Amino acid sequence: MSRKEMILQAATRLFAVRGFRDTSMVEISRVTGVASGTIFYHFKSKEALFLAILADVREAITTDFERYFDRQQFATGLKMIEGAVWFYLQLAGDREDLFLLLHRHYPYELAEVNPECNEHLEAIHICLTDIFETAIRKGQTDGSIAKMSARKTALIVYSLVDGIVRFNTYKLYQAGALYKELIAALHRMLKSQSG
């Protein structure tokens, strides 16, 4: 692992657990064993480091979902929704630091004044919403999902799933324990009367 990768990995963990404001560059230097000057050589500021992390988060999440869907075959759109929900919960568990980082307030606060941050966050949320919208449109075509606004419904599905992930992220409730109930609720909400 290169020094730059080591810095990104350690900073991701620290920003996720402690938050952006409560993590100092000195602490990142201490944790990585890399001199502060070297960190500033790779990243001109703490904000630049954070933006590099956000770009990596964006790449990791979108790539993981693309790989998952490239390997899967779904008989219906409703089955595709089930697969997307399962994978989202699985990914949030496997990449807990990334989701904790995304669930903090700071990235959205920075996005209000930083176009690059806004672009990364928007791309992540659009990617995730698009996955659910694609499944809904497939289901509407194959008859497994009722006719409704695909985009608005995808936003609702994404909000439900991400809300459950937040329970897990903040250690309020085990997300996996709600999987069956979530799928049953989505079936009631989405299922076509003919499907």
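List of remarks:
- Single residue of the stretch 177-195 satisfying the filter (touching a helix residue (DSSP H, G or I) at 6+ places or on another chain (Cβ under 9 Å) and modelled with pLDDT under 80) that is farthest from Thr76 (Cα to Cα): Ser192
- The requirement of being buried (at least 17 other Cβ atoms within 10 Å of the Cβ), over 24 Å from Ala154 (Cβ atoms) and hydrophobic (A, V, I, L, M, F, W, C) is not satisfied by Leu78.
- When Val34 is tested against (1) within 17 Å of the chain's Cα centre (by Cα); (2) of a type in the set (A, V, I, L, M, F, W, C); (3) surrounded by 15 or more Cβ atoms within 10 Å (Cβ to Cβ), only condition (1) is not met.
Here is a yes/no grid of residues against (1) outside the structural domain of Arg166 (by TED's automatic domain parsing); (2) in a helix (DSSP H, G or I); (3) of a type in the set (D, E, K, R); (4) modelled with pLDDT of 95 or more:
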| site | (1), (2), (3), (4) |
| --- | --- |
| Arg58 | no, yes, yes, no |
| Phe65 | no, yes, no, no |
| Leu89 | no, yes, no, no |
| Ala92 | no, yes, no, no |
| Phe99 | no, yes, no, no |
| Asn118 | no, yes, no, yes |
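- Residue in the stretch 34-54 that is within 13 Å of Leu128 (Cα to Cα) and among the polar types (S, T, N, Q) present: no
Conditions tested, residue by residue: (1) within 18 Å of the chain's Cα centre (by Cα); (2) of a type in the set (Phe, Trp, Tyr); (3) surrounded by 14 or more Cβ atoms within 10 Å (Cβ to Cβ); (4) closer than 17 Å to His120 by Cα.
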residue: Ala16; (1), (2), (3), (4): yes, no, yes, yes
residue: Thr38; (1), (2), (3), (4): no, no, yes, no
residue: Ala55; (1), (2), (3), (4): yes, no, yes, yes
residue: Thr63; (1), (2), (3), (4): yes, no, no, yes
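The values are calculated or read from the model by the stated rules, or taken from the named source; none is laboratory data. None of these values were measured; they are calculated from a predicted model. Every residue, glycine among them, receives a Cβ derived from its backbone with ideal geometry; neighbour counts consider all protein chains shown.
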